[in-house]
Amino acid sequence: MKVLVAVKRAIDPNVKVRVKTDGSDVDLNGVKMSLNPFCEIAVEEAIRLKEKGVVSEVVVVSVGTSAAQEQLRTALALGADRALLVETSSLLEPLNVAKYLSKVIDRERPQLILFGKQAIDQENNQTGQMVAQLIGSGQATYASAISYADGNWLVEREVDGGSQTVELSVPAVVTCDLRLNEPRYASLPNIMKAKKKPLEILAADSLGASVKEHTRLLEVASPPVRKAGIKVGSVSELVEKLKNVSGVI
Ligand code: AMP
């Protein structure tokens, strides 16, 4: 069985995000980029399924500019077998990304397609769900455990106040949540080996996906700067400030 993992190049989660002075977007100039953390969890899960003998091949795919090869090499160093880059410099709208990915799925015919639950840059939480619709498969979002039994995928999902287990026929789309696993680090020898693993580049236009612009980014703004707090000398002063200054009581 084959598992396809969709991975996105995103701003590193440890970077303090800066907005461009004209408010047109986030400033990515000279900023460290990484594998989106939820995609790392998806890659880890695919590798664990291979280690358990459930799947035999792990393929990672990213839609983006040639810079995304860096994140694909990271996924190869973590243990993926081969990588595909759908190369495009256009804005990565979830519906367009989903259309490209569904073309890759037609070509690769995986039995499981793993996604992160969301990308931490745009926080869309849409791409996996859209792919499931486009390929007509079942889907389970927010997975906290994945197993395979009697020809179906069993997925435990995090829901309010507990968990839910669903059974999905093959092929299935699953989006991965934080508690699914703790991703490993790539060892130096595996980073070296990853340089020789296959990474195929597909021109986005060659896939025959009908994409168009549905969304335009109008403005990005930083959160308002928090005002410094004050120290109060007594409970009565606190109550007086809450009543007369902040007006919360
Ligand atoms: P989003 O819907 O943008 O929050 O992304 C959810 C998940 O979809 C990500 O964690 C990835 O698994 C996948 N995804 C989103 N954008 C891309 C992309 N450009 N290339 C590959 N996978 C993507």
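Laboratory data are not the source of any read-out in this text; all were calculated from the coordinates shown. On a predicted model such as this, the values are computed, not experimentally measured, just so you know. Heads up, the Cβs are rebuilt from the backbone with ideal geometry, glycines too, and the neighbour counts pull from every protein chain shown.
Structure notes:
- Cβ-derived FRET efficiency at R0 22 Å, residue 246 paired with residue 222, nearest 0.05: 0.40
- In terms of distances greater than 21 angstrom between alpha carbons, the cross-link table entries 8/32; 117/195; 103/212; 117/193; 16/212 yield 117/195; 117/193; 16/212.
- Annotation: the residues 237, 158, sorted from fewest to most other C-beta atoms within 10 Å of their own C-beta, follow the order 237, 158.
- Taking a point 7 Å from the Cα of residue 169 along the Cα-to-Cβ direction, the residues of region 115-157 with backbone N closer than 11 Å to it are 137-138.
- Helix-only mean residue ellipticity at 222 nm for the chain, each DSSP H run of n ≥ 4 adding -39500 (n - 2.57), per residue, nearest 500: -8000 deg cm²/dmol
- Additional length obtainable on full extension of the chain from residue 145 to residue 213, 0.36 nm per residue less Cα span: 20.9 nm
- Gain in span if fully extended, residue 32 to residue 231, counting 0.36 nm per residue against the direct Cα distance: 67.8 nm
- Fewest-first sequence of 121, 12 by Cβ atoms within 10 Å of each Cβ: 12, 121
- Within region 95-113: backbone nitrogen closer than 19 Å to the residue 82 label point (7 Å, Cα to C-beta): 101-113
- When 100, 185, 148 are arranged by Cβ crowding within 10 Å, least crowded first, meaning fewest neighbours, the order is 185, 148, 100.
- Peptide packing: for 128-136, 161-169, 221-229, the average count of neighbouring Cβ atoms within 10 Å per residue gives the ranking 128-136, 161-169, 221-229, highest mean first.
- If you wrap the chain in the convex hull of its Cα atoms and look at it from every side, the mean projected area works out to 18.4 nm².
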